[in-house]
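Participant: Before I ask anything, here is the structure I am working with.
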Amino acid sequence: MNHSNPEQDREQQRLNETKTSREDKQVTDTDEDASLDPYEINFLPQYMENRGPREPFVNGYGVTIGDHEYESAASPLSQWNEDTDPSVMAGDQWVHPFKDIGFHTAENRDYFEKGILPQSEIFMHPDKDAAYEYKVGQGGSEAGSDEEQEN
């Protein structure tokens, strides 16, 4: 008797296809350094200092980060149940300082490769100014409305 979950099967198939696609990926952008890992970008010099290891590392859960293998028996995702605290998946130990797919978003490439600061409006919450501390740190005396600061 097969106790296969169709949703899990589809997710596994998607993971396999993504892995195959990632393995087949070749750098074609003329601005890319051919020596870079497919997930790396050309960081400006000011973002290279104290960045962390370029090579894969093993985090506190025994999961190798930066090796492009996204399934691990040691990962909380592989052992998830109703008692798992989602916060175990938070923090820098889950993000490689050079090889993270998130670096390839337009906003991150502009920031890390060109030094263009993100537009604060993009990251605003309906009732919170997520850039408030940034604006205050930049000498902005009008960082937000009185209503925003009261919330």
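Participant: Given the conditions (1) surrounded by 10 or more Cβ atoms within 10 Å (Cβ to Cβ); (2) at pLDDT 90 or above; (3) closer than 19 Å to F112 by Cβ, and given that Q46 satisfies all but one, which numbered condition is not satisfied?
Facilitator: That leaves (1) as the condition not met.
Participant: Moving on to the next point. Determine, yes or no, whether Q26 is modelled with pLDDT of 90 or more and either touching a Pro at 6+ places or on another chain (Cβ under 6 Å) or loosely packed, with under 14 Cβ neighbours inside 10 Å (or both).
Facilitator: Numbers: modelled with pLDDT of 90 or more: no; either touching a Pro at 6+ places or on another chain (Cβ under 6 Å) or loosely packed, with under 14 Cβ neighbours inside 10 Å (or both): yes.
So Q26 does not fit the description; no.
Participant: Counting residues that are modelled with pLDDT of 75 or more and surrounded by 11 or more Cβ atoms within 10 Å (Cβ to Cβ), which helices (runs of 4 or more DSSP H) fully inside the stretch 56-151 reach at least 3?
Facilitator: Filter on the stretch 56-151 gives 106-109.
The values are calculated or read from the model by the stated rules, or taken from the named source; none is laboratory data. Note that the structure is a prediction, hence the values are computed from the model and not measured. Methodologically, a virtual Cβ is constructed for each residue, glycine included, from the backbone with ideal geometry; neighbour enumeration extends over all protein chains shown.
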